[in-house]
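S.K.: Have a look at the structure that comes next, please.
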Amino acid sequence: MTGRIDKELGHHFPQFSRSQLKRWIDDGTVTVNGQTVKAKYQLQAGDRVVIEPETPVEIDLEPENIPLDIVYEDDDVLVVNKPQGMVVHPAPGHPNHTLVNALMYYAPLSSINGELRPGIVHRIDKDTSGLLMVAKTDRAHRSLTAQLKEKSNLREYFALVHGVIKENEGTIDAPLARSPKDRKKQAVVVGGRHAVTHFRVLKRYQHYTLVACRLETGRTHQIRVHMKYINHPLAGDPLYGPRKTLPGHGQYLHARLLGFEHPVTGEEMVFTAPLPDYFEQMLSYLDRTDA
């Protein structure tokens, strides 16, 4: 194969859509000579292309009567405060009891993201708590997705990280892709997808720092990988953090603030969600023992 990798893969694998192939390239599922590349990469004679997509699993998606913390709702959008431990949408290993199952029981959702992710415009990790915007109509979904692409929406997280950050604020601009060493992880990789996180220090403890992280882009595990990249991994993070960390059920990361333009009225909408009890209790503990 020679030519742009996205076009060449489209010629050779017509059973997959161009968007699916591009997603694989962006996620690092496709590698060239062992390295991640961008969709515009020009293949050369002798290049070794490897595709390692996840094995598809059939899932029967059923509505489930699971309580939801609805922060805002109208005919077009929902804003939900997701608890720690809840998976956003069905996937291998988590076929049910997800946020999508609960949303399907609660309200009609947009169809743009297909059968397994109806209404889901963006997602947060299972062990991350906080705010998500959900589209109830296709019109709303297109508008909210465009805002994500244009970086015009607002997403800020509170994170508790290891170590004491000396700077009061900073920006991490480092490209992300699937880790070539561990397929379950993301990593800072040359040639990966553009990723920018802005942070500011909220409080310093003796061994930890509470920070607010504002996303300019929204890549998989972005805050978790970026904070590890500057040697301040998230406390409690089972995937990117150190073995010796704070007890709990995952990383101390909470999507606290969410803002977007209403897809129909154009009104600027801004929502906040207080830290969950387990996060507040840990900060109180650190106030007593690690100040």
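The values are calculated or read from the model by the stated rules, or taken from the named source; none is laboratory data. Values in this document were obtained by computation on a predicted structure and should not be read as measured data. All Cβ positions, even for glycine, are placed from backbone atoms using ideal geometry, and neighbour counts span all protein chains on display. What goes into the accessible areas is simple: the full protein's heavy atoms, side chains included, and nothing from ligands, DNA or RNA. Shrake-Rupley method; radii C 1.70, N 1.55, O 1.52, S 1.80 Å.
S.K.: Does the range 135-179 hold any residues that are modelled with pLDDT of 95 or more, open to solvent by 40 Å² or more (accessible area, probe 1.4 Å) and within 20 Å of residue 257 (Cβ to Cβ), and which are they?
M.R.: Selection gives 154, 168, 169, 171.
S.K.: Give the range 71-93 a look and list any residue that's outside any strand (DSSP E or B) and of a type in the set (A, V, I, L, M, F, W, C), or say none.
M.R.: Those that are outside any strand (DSSP E or B) and of a type in the set (A, V, I, L, M, F, W, C): 86, 87, 88.
S.K.: Another question about this same structure. Output yes when any residue across the range 200-215 is outside any loop (DSSP other than H, G, I, E, B) and more than 19 Å from residue 160 (Cα to Cα), and no when none is.
M.R.: There is no residue in the range 200-215 that is outside any loop (DSSP other than H, G, I, E, B) and more than 19 Å from residue 160 (Cα to Cα).
S.K.: Given the criterion among the small types (Gly, Ala, Ser), in a loop (DSSP other than H, G, I, E, B), over 18 Å from residue 188 (Cα atoms) and modelled with pLDDT of 75 or more, identify the matching residue among 45, 39.
M.R.: Checking each option against the conditions leaves just 45.
S.K.: Return the residues of the range 265-281 that are open to solvent by 60 Å² or more (accessible area, probe 1.4 Å), in contact with a Leu (Cβ under 8 Å, 6 or more places away or on another chain) and under 15 Å from residue 69 (Cβ atoms); say none if nothing qualifies.
M.R.: Matches in the range 265-281: 272 only.
S.K.: Answer with yes or no whether residue 253 is in contact with a helix residue (DSSP H, G or I) (Cβ under 9 Å, 6 or more places away or on another chain) and touching a residue at least 60 places away in the same chain (Cβ under 8 Å).
M.R.: yes
S.K.: Additional query: Just to check your reading of the model, which residue among 273, 212 is within 20 Å of residue 144 (Cα to Cα) and either at pLDDT 95 or above or among the β-branched types (Val, Ile, Thr) (or both)?
M.R.: Going through 273, 212 in turn, just one is within 20 Å of residue 144 (Cα to Cα) and either at pLDDT 95 or above or among the β-branched types (Val, Ile, Thr) (or both): 273.
S.K.: Follow-up. Filter the range 114-146 down to the residues that are out of contact with any helix residue (DSSP H, G or I) (no Cβ under 9 Å at 6 or more places or on another chain) and among the small types (Gly, Ala, Ser) and list them by number.
M.R.: 114, 130, 140, 143, 146
S.K.: Taking the range 1-12 on its own, how many of its residues are out of contact with any Lys or Arg (no Cβ under 9 Å at 6 or more places or on another chain), at pLDDT 75 or above and open to solvent by 70 Å² or more (accessible area, probe 1.4 Å)?
M.R.: Residues that pass the stated criteria total 2.
S.K.: Residue 182 passes all but one of (1) buried (at least 22 other Cβ atoms within 10 Å of the Cβ); (2) over 22 Å from residue 286 (Cα atoms); (3) acidic (Asp, Glu); which number fails?
M.R.: (1)
S.K.: What are the residues in the range 13-30 that are loosely packed, with under 15 Cβ neighbours inside 10 Å and over 23 Å from residue 175 (Cα atoms), if any?
M.R.: Hits for the range 13-30 are 13, 14, 15, 17.
S.K.: Okay, moving on. Taking the condition in a loop (DSSP other than H, G, I, E, B), modelled with pLDDT of 95 or more and surrounded by fewer than 22 Cβ atoms within 10 Å (Cβ to Cβ), does residue 66 pass?
M.R.: Considered against the rule, which asks whether it is in a loop (DSSP other than H, G, I, E, B), modelled with pLDDT of 95 or more and surrounded by fewer than 22 Cβ atoms within 10 Å (Cβ to Cβ), residue 66 comes out as yes.
S.K.: Which condition number in (1) in contact (Cβ under 8 Å) with a residue 24 or more places away in the chain; (2) more than 16 Å from the chain's Cα centre (by Cα) is the one that residue 197 fails?
M.R.: All conditions pass for residue 197, except number (2).
Each row is one residue, and each column tells you yes or no for (1) at pLDDT below 95; (2) open to solvent by 80 Å² or more (accessible area, probe 1.4 Å); (3) over 28 Å from residue 37 (Cβ atoms).
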position: 194; (1), (2), (3): yes, yes, no
position: 197; (1), (2), (3): no, no, no
position: 200; (1), (2), (3): no, yes, yes
position: 222; (1), (2), (3): no, no, no
position: 235; (1), (2), (3): no, no, yes
position: 245; (1), (2), (3): no, no, yes
position: 263; (1), (2), (3): no, no, yes
